[in-house]
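The values are calculated or read from the model by the stated rules, or taken from the named source; none is laboratory data. All values derive from a computational prediction rather than experimental measurement. Methodologically, a virtual Cβ is constructed for each residue, glycine included, from the backbone with ideal geometry; neighbour enumeration extends over all protein chains shown. The protein model used for the area step is the full one, side chains on, heavy atoms only, and it has no ligands, DNA or RNA in it. Shrake-Rupley method; radii C 1.70, N 1.55, O 1.52, S 1.80 Å.
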Amino acid sequence: MAENRASEYTEGTPCWVDAQLPDVEAGKRFYGELFDWTFEDQSEQPEWPAPASRPTQTVRPSPPLGTVRALLGGRPVASLAHKTDGRLPTVWTVSFATPDAEALCRRILAAGGQLVSAPRAVGELGVTALVTDPEGAVFSLWQPGERPGFGRRHERGAFAWVELYTRDTEAANTFYGALFHDALFGKGAEPEFGRAPVFDVFPAEMPPHFLVHFAVGDLEATMADVTRLGGRVQVPPFGTSYGTVAVVTDNQGASFALLSR
């Protein structure tokens with residue numbers, strides 16, 4: 001499969017996923033065996049923009065410690081990054097495509113969301129920002145440059161879906177429907193992003209969050225592999241409108257879902 005072109009990513013289409021882990025080497029062993037991923041170091045030293053008051057100035061820090069790009073059959077599917085602050089959660093984060101990260105951040109703020117990390121350039125690869133919706137669910141934005149996004153998706157070991165578990169699906173549909181209307185509801189849209197009440201799958205006290213899904217062939221066998229590799233099954237298989245899902249955690253506690261169709 002050829003790597004996706006930027007034009008394939010309508011604003012609001014999931015285009016990348018990354019995991020923040022305490023131990024990237026342990027993550028490589030886990031996901032490498034689970035999904036047949038290989039890895040390459042992110043050796044680029046991207047230029048990061050200076051504060052907004054001086055938008056034209058850039059600085060060039062060292063690359064994040066231990067950040068690697070995961071490949072499936074030689075094509076990019078995800079990133080694993082070293083979590084630099086132990087107080088931060090060990091999580092998978094989804095990035096949604098946008099042609100203009102700064103403009104989308106303004107729309108998110110106007111709609112009641114929050115800005116966690118302002119848009120910043122990653123060298124020539126693209127521009128990223130970290131935001132939340134009004135309920136606090138965290139997601140990322142990606143304005144593509146040289147790197148549009150996934151090289152593979154919708155196949156075993158690659159991204160297949162992302163579900164937002166929220167306490168108010170009507171409010172979520174309003175918020176994301178306004179932000180990402182064409183990707184979700186436009187003519188010919190094939191959404192890869194759903195919304196569901198958090199208490200349908202998780203305890204009611206679980207905060208709103210995005211759950212990244214990876215495609216698998218044999219769900220039961222993959223669940224057994226997760227356990228063998230040091231992870232655990234968090235929620236056993238259940239049916240959805242988009243396939244059969246099991247929620248699992250890796251060997252460091254990051255939750256993700258296995259999707260069989």
Exercise. Size of the dipole of the chain about the Cα centre, Lys and Arg at +1 and Asp and Glu at -1 on the beta carbon, nothing else charged, in debye to 20?
Worked result: 240 debye
For this session: Could you pull out the GluC sites (Glu not before Pro) across region 96-150 that fall in loop regions by DSSP (anything but H, G, I, E, B) with no more than 12 other Cβ atoms inside 10 Å?
Result: Glu124, Glu146
Exercise. Carbon and sulfur: what percent of region 197-261's accessible surface (1.4 Å probe)?
Worked result: 55 percent
For this session: Go through (1) 13.5; (2) 15.5; (3) 24.8 and flag the label whose value is the computed mean projected area of the Cα convex hull in nm² for this structure.
Result: (1)
Seminar exercise, completed: Ranking Ala172, Phe139, Phe199 by how far each Cα lies towards the positive end of the charge dipole of region 103-208 (+1 on Lys and Arg Cβ, -1 on Asp and Glu Cβ), the top one is Phe139
Exercise. How would you order 225-233, 10-18 from highest to lowest mean count of nearby Cβ atoms within 10 Å?
Worked result: 10-18, 225-233
Exercise. How much solvent-accessible surface does Phe175 expose, in Å² to the nearest 10, with a 1.4 Å probe and all protein chains in place?
Worked result: 20 Å²
Problem set entry | Relative contact order for the chain, counting Cα pairs under 8 Å that sit 6 or more residues apart, in percent | 20 percent
For this session: Between beta-carbons, use under 14 Å as the cut-off and find the net charge around Val91, counting Lys and Arg +1, Asp and Glu -1.
Result: -1
Exercise. Amide H to amide H, which residues 5 or more places from Phe193 or on other chains are under 5 Å from it, using H placed in the peptide plane?
Worked result: Val162
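Any idea what % of Cα-Cα pairs in region 138-258 are farther than 24 Å?
So the portion of pairs separated by more than 24 Å is 32 percent.
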Exercise. Once the dipole of the chain is set up with Lys and Arg at +1 and Asp and Glu at -1 on Cβ about the Cα centre, which of Ala160, Pro208, Ala221 lies farthest towards its positive end?
Worked result: Pro208
Problem set entry | Charge context of Ser260, other residues only, Cβ under 11 angstrom, K/R +1, D/E -1 | 0
Problem set entry | Cβ-based charge dipole, the chain, positive-most Cα from Ala121, Thr249, Gly186 | Ala121
Exercise. In square angstrom, what is the accessible area per residue of the chain with a 1.4 angstrom probe?
Worked result: 46 Å²
Seminar exercise, completed: For the chain, percent of DSSP beta bridges that are antiparallel (nearest 5) comes out at 75 percent
Problem set entry | Isotropically averaged projected area of region 168-229, using the convex hull of Cα atoms (one quarter of hull area), nm² | 6.2 nm²
For this session: Determine the distance separating the Cα centre of region 220-242 from the Cα centre of region 131-163; give it in Å without decimals.
Result: 21 Å
